[in-house]
1. Quickly run through region 124-156 and pick out the residues that are open to solvent by 10 Å² or more (accessible area, probe 1.4 Å), at pLDDT below 80 and in a helix (DSSP H, G or I).
2. Can you tell me which residue is surrounded by the fewest Cβ atoms within 10 Å (Cβ to Cβ) among those in region 23-44 that are touching a Gly at 6+ places or on another chain (Cβ under 8 Å) and modelled with pLDDT of 80 or more?
3. Does region 23-46 contain at least one residue that is touching a residue at least 24 places away in the same chain (Cβ under 8 Å) and among the acidic types (D, E)?
4. Only one residue in G81, G107, G73, G119 is out of contact with any Phe, Trp or Tyr (no Cβ under 6 Å at 6 or more places or on another chain), modelled with pLDDT of 75 or more, assigned to a helix (DSSP H, G or I) and within 18 Å of D16 (Cα to Cα). Which one?
5. Suppose we keep only residues that are over 14 Å from G119 (Cα atoms) and touching a residue at least 40 places away in the same chain (Cβ under 8 Å) within region 1-13. Which one would you say is most open to solvent (accessible area, probe 1.4 Å)?
Amino acid sequence: MNFITSLVFAVSLCADCFAVSLCSSTTLKKIDARALVRVMLAFAVIQAGFIMIGWAFGWALVGLVEKISHIIGFLLLLYVGGGMLLEGIKGESESKDLNGWRNVIIGGIATSIDALAVGISLSMERLGFADLWMLFLFVFIVTALSVLAGITGGRKLGEKFGSWAEIAGGIVLLAIGVTILI
């Protein structure tokens, strides 16, 4: 796998991380640099880790993951997006921010199911370990940067539009979840 292919994989895999961090961060009142780095690292480790896990266990899991990955992804995004939508409507925005580790981990997993599937497919194509490490590093770096951009942009939207931004974010996450099922 060459430089360009690895970069394209990384950018395409982190698009949903960007969307989740953008939509979820609209509810943030304040986030310091340390918390921002923790969220970025959590998403990046989960996303890049799922590539490795998928690759390592590709042979054993290929049938199962192909059959249920879309359902798992949908349910996780339904939980996160539905909660945001309901809280936006009720005007309660404090519990679905990215400062809570439970929400960060759920968001990270929900956005990384596709990375697991990609890792499995790459193992079936006999991708070498050296090429996998290059992809791992690209996915890690691009995911961290996309979460940084999403949180920064989402906070500005949240400050400007309040609960309407949270409602829109919840709808976007639900739409992503529905497209996973289709």
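1. The answer is M124, R155, K156.
2. My answer is A42.
3. Checked against the condition, which is being touching a residue at least 24 places away in the same chain (Cβ under 8 Å) and among the acidic types (D, E), region 23-46 yields no hits at all.
4. Residue meeting the stated conditions: G107.
5. F3
The values are calculated or read from the model by the stated rules, or taken from the named source; none is laboratory data. Everything numeric in this text was worked out from a predicted model, so none of it was measured. Methodologically, a virtual Cβ is constructed for each residue, glycine included, from the backbone with ideal geometry; neighbour enumeration extends over all protein chains shown. The accessibility values were calculated without ligands, DNA or RNA, using every heavy atom of the protein model including side chains. Shrake-Rupley method; radii C 1.70, N 1.55, O 1.52, S 1.80 Å.
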